[in-house]
Structure formats: structure tokens, C-alpha cells
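J.: Quick one: structure below, then a few questions.
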Amino acid sequence: MELRKIQSTAGGATYIVSLPRAWIKRNNIAPGERIGIIERSDEILFLLPKPHKKEKNVAIIDAASKDMNFILRMIISEYIRGAEIIRFEHGAFSWKDKKEIREFIQNAMIGIDLNEHGDNFEIQSIIDVYELDIEEIVMRVYDLVYWMFKNSFTAIENKDADLFIDIVGRDIEVDRLTLLVSRQMHLASKNPAFAKKTGVFAYDALHYNRIIGDLESAGDCAVGISEAYLKLVEYDIPEDLVKSLKGLFDELAQNLEKVIVSFNYENLDLANEVIEDCMRLSKYDLSASGKSLFITDKRITHDSLIVGAFAIVLENLARINSIARSIAETVMDRGRTKK
């Protein structure tokens, strides 16, 4: 880091600092021209070269001798890095290849489309990333995940195979929204103008990424529970075991509710309460010995399918518990940022 001396005008009303000559030359800035200044909430100033018309962020994927899995992974990578246009070089694509790419981006990502020009094609962003509200997206993911988790027990209680299948299907939307948040957070950490416009800076991006990753994992847990118990809908499971499961589901659902409230309102006391609750559950009900009370019940040990399904359900409940604690710890780490 280079240190420069602050100077002031004769009247003391204006403060001046000289700019590095090499930076001035690289950006072709002449005396009398304007530069942009962005003041961040953490007291850091960004200097932007002379304003100019915003250019599209274009990414080029070299498709020569690459298989489709590689190309699809690269599309995701460029999407997360904020590409507004993705083009391909040195690749020959059949109509089946284009169909696969189109279906992939429609299922995996939000706000982009395939644009064909004869034999050529490119992927284009069709939404304005500057207008998206990150907190609204995070809450949308939370609402989806919470619905999936709560209804996974409703499906257990009612032996509802269709509801289990619906829960599994909702995970696609969670994944799409998670990728969208990752894209927004990458832009916030790399692009000062984007961060200023959206109010999300690198420090915020770190915590949003952690929370959205935890929520996505919670959605995966709801899917794991649903897929495991779907195999048991034709079985008669002892009512007291299902009732005991309900107690765990209710406690975990309550902690998920509390932790998202603590995030929204930066309530550190509530976040700490969630951490304490999760630690208690880990020590007792969701400990190895606590989980074994279910899977060693003599009324189900005769059937390995039931035991295996219960083991998967309990393991996913333990993961949900860890996730709620992780989000609460992120809230604590983030502290209070709103004034």
C-alpha cells in the first residue's frame, strides 16, 4: 500500500490528494476531466475512471474438443461471474446440443435465454441485475425451504406420496435462486459501481453467500427426508415414533423461523438463543445416542428398509439443526449494520 499526504486549499474548505501518475496514464485521464468517487459504508473510497457508456460483460467459452458436461459447467461459472452475454468459439453444435443447452439454462438459471442467429447462438441476460433486491431473493429461498421442511413432516404424518414428490420438485427453484444470489454476490464483491447501486458490498456479500448456501443445504435435507420416507408410505409405522419425530420437526422449524427473524432484524440476542437451542438438540435428541433410540426400536428393527429410512431422516434433521446454528452464527458474526 502506498501512503500519500493529504493537503488542503488555502481556506481549508477542500482537501486534496494526488493520484498515481501510472493510474492516470493507464486510464487516459486528462486535467479537467471528472472521475467517479464511491464512498463505502466501511469508510473505503473507490475511484472510478471517467464515466462512459456501460459495456456488456461478454464471456467467451472455447468449446473446441470439449464435452457437453464441461461446457455446461463453464456456462454456470460465467453466469456466476456476471456475464451478460456468453458466446462460444471453435465448437460445432448440433440442434440436439443447442436443445440440451437451452433446457439446461432454463432449469438451472434465472434471467438468461438462448438467442440463435442461424448456425450461431449465444446466451444473453434478459434481466437488469441492478434492479434485483437481494434480501427479497434470500427471503424467497427461505420461504421455499421452510415450506419444503414443514411439509416433509406433513407428508410423513399423512403418508402423502404426492406431497413428497412435490417437495423434491421444489428443490430446482431453490437451486436456481441460489445461483442467482451467487451471481449477485460475485458482482457486489468485484464491481464497485454495482455495490454502490445495490447497497451490497464485499463484506455483506460474504455473509449473504454463507446464508444462502446454508438455506440451499437445508432444502437438500428436506429432499433427503422426502426421498427416504417416500419408501415407507405403505408401511405401518408406530404412532409414538411418528409423534417423537413431530417433536423434533417442530423444534427445528421454530429455530428456522427464529433465525431468519434474527437475520432480518439483526437481533443478536435471538440468534444467540437459536445457537443455544441447537447445541442442546445436538447434545441430547439429535446426538448419536438420541438417534439410536429410533433406529433400535424393536418394532422396526426387523425391517432394514424402515431402519435405513429412519436413519436418513434423522441424519437430515441433525444437518438442519447444524444449518440453523450456522445461520445464527453468521448473524452474530455480521453484527448490526443497519442504522
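J.: Please go through (1) assigned to a loop (DSSP other than H, G, I, E, B); (2) at pLDDT 95 or above; (3) β-branched (Val, Ile, Thr) for residue 29 and return the number of the only condition it doesn't satisfy.
T.: (2)
J.: Mind listing just one residue for me: the one in the range 70-107 that is without any contact (Cβ under 8 Å) to a residue 40 or more places away in the chain and β-branched (Val, Ile, Thr) and, of those, nearest to residue 182 (Cα to Cα)?
T.: Checked the range 70-107; the qualifying residue nearest to residue 182 (Cα to Cα) is 105.
J.: Going through the range 292-339 one residue at a time, which ones are over 18 Å from residue 220 (Cβ atoms) and among the aliphatic types (A, V, I, L, M)?
T.: 293, 295, 300, 305, 306, 307, 328, 331, 332
J.: Looking at residue 19 and the list (1) touching a residue at least 12 places away in the same chain (Cβ under 8 Å); (2) in a loop (DSSP other than H, G, I, E, B); (3) closer than 30 Å to residue 110 by Cβ; (4) not small (Gly, Ala, Ser), which single condition is not satisfied?
T.: (3)
J.: Now a separate question. Residue 157: over 16 Å from the mean Cα position of the chain (by Cα), surrounded by fewer than 18 Cβ atoms within 10 Å (Cβ to Cβ) and in a helix (DSSP H, G or I), yes or no? Break it down stepwise before answering.
T.: On the way: over 16 Å from the mean Cα position of the chain (by Cα): yes; surrounded by fewer than 18 Cβ atoms within 10 Å (Cβ to Cβ): yes; in a helix (DSSP H, G or I): yes.
Taking the combined requirement at face value, the residue satisfies it.
J.: Mind listing whichever residues of the range 278-331 are aromatic (Phe, Trp, Tyr), touching a residue at least 12 places away in the same chain (Cβ under 8 Å) and in a loop (DSSP other than H, G, I, E, B)? Spell out how you get there, then give the answer.
T.: Narrowing the range 278-331 to residues aromatic (Phe, Trp, Tyr): 284, 294, 310.
Checking the rest, the ones that are also touching a residue at least 12 places away in the same chain (Cβ under 8 Å) come to 294, 310.
Listed by number, the list is empty, since nothing qualifies.
J.: Another one. Among 220, 204, which is the only one that is assigned by TED's automatic domain parsing to the domain that holds residue 148, modelled with pLDDT of 95 or more and either of a type outside the set (S, T, N, Q) or surrounded by fewer than 21 Cβ atoms within 10 Å (Cβ to Cβ) (or both)?
T.: Result: 220 is the single residue among 220, 204 that is assigned by TED's automatic domain parsing to the domain that holds residue 148, modelled with pLDDT of 95 or more and either of a type outside the set (S, T, N, Q) or surrounded by fewer than 21 Cβ atoms within 10 Å (Cβ to Cβ) (or both).
J.: Here are some conditions: (1) hydrophobic (A, V, I, L, M, F, W, C); (2) in a strand (DSSP E or B); (3) within 30 Å of residue 334 (Cα to Cα). Residue 86 meets all but one. Which one does it not meet?
T.: (3)
To keep it simple, each residue is scored yes or no on (1) surrounded by fewer than 16 Cβ atoms within 10 Å (Cβ to Cβ); (2) hydroxyl-bearing (Ser, Thr, Tyr); (3) in contact with a helix residue (DSSP H, G or I) (Cβ under 6 Å, 6 or more places away or on another chain); (4) not assigned by TED's automatic domain parsing to the domain that holds residue 143.
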| site | (1), (2), (3), (4) |
| --- | --- |
| 252 | no, no, yes, no |
| 257 | yes, no, no, no |
| 267 | no, no, no, no |
| 281 | no, no, yes, no |
| 284 | yes, yes, yes, no |
| 293 | yes, no, no, no |
| 297 | no, no, no, no |
| 330 | no, yes, yes, no |
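The values are calculated or read from the model by the stated rules, or taken from the named source; none is laboratory data. No experiment lies behind these values; they were computed from the predicted model shown. Note that we place each Cβ from the backbone using ideal geometry, even for glycine, and neighbour counts take in every protein chain shown.
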